[in-house]
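One structure below.
The values are calculated or read from the model by the stated rules, or taken from the named source; none is laboratory data. Small disclaimer: the values here were computed from a predicted structure and weren't measured. With ideal geometry, Cβ positions are generated from the backbone for all residues, glycine too; neighbour counts draw on all protein chains shown. Note: accessible area is taken over every heavy atom of the protein model, side chains too, but ligands, DNA and RNA are not part of it. Shrake-Rupley method; radii C 1.70, N 1.55, O 1.52, S 1.80 Å.
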Amino acid sequence: ARAATMARGGRSRGPPKILILARRNDIMTCSVRYAEDLGFKADGVLDNASAKNMLEKEEYAAACFGTYFKNCEMFKEDVKEMKALLDQKGIIWGEQPFFGDVKAVMLELGLLEADTTNKKTGTRLVQQPMIAG
């Protein structure tokens, strides 16, 4: 019942929440801070087990992969597994084009839009319509 309630009302209250998936603490920390500066709520994880745990507990508007994650051969299977899980849960995701660039991903995913009046970030959060459960 709790999940149904969250699905109905969770998205309309407060800023959208995004999940940052990284493999290095500096990239994760930098990306989370950047996401929060842009007006999002953000959680950062460093491995698939933590990511799965957070996806069970929280509702996310989107997920963002860190660059290190994308470029490293060792993590190819991890990335594939996470993308499949996000797709299965209906969570949109994107990959940072370079270190800490959450803004590019969120613009691409349509959660941010350009706003020239905002001197600090040059963007504003897109007001999501309330999702009926």
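Here are a few things to note about the model shown:
- Taking the criterion of being closer than 19 Å to residue 109 by Cα, open to solvent by less than 50 Å² (accessible area, probe 1.4 Å) and over 13 Å from the mean Cα position of the chain (by Cα), no residue of segment 15-43 qualifies.
- If you go through segment 64-85 and keep only what is farther than 14 Å from residue 17 by Cα, modelled with pLDDT of 90 or more and open to solvent by less than 30 Å² (accessible area, probe 1.4 Å), you end up with 65, 82.
- Residue identified as among the aliphatic types (A, V, I, L, M) and out of contact with any Leu (no Cβ under 9 Å at 6 or more places or on another chain) among 125, 107: 107
- Residue identified as at pLDDT below 95 and small (Gly, Ala, Ser) among 22, 61: 22
- Looking across segment 84-100, the residues that are more than 12 Å from the chain's Cα centre (by Cα) and of a type outside the set (Gly, Ala, Ser) come down to 85, 87, 88, 89, 97, 98, 99.
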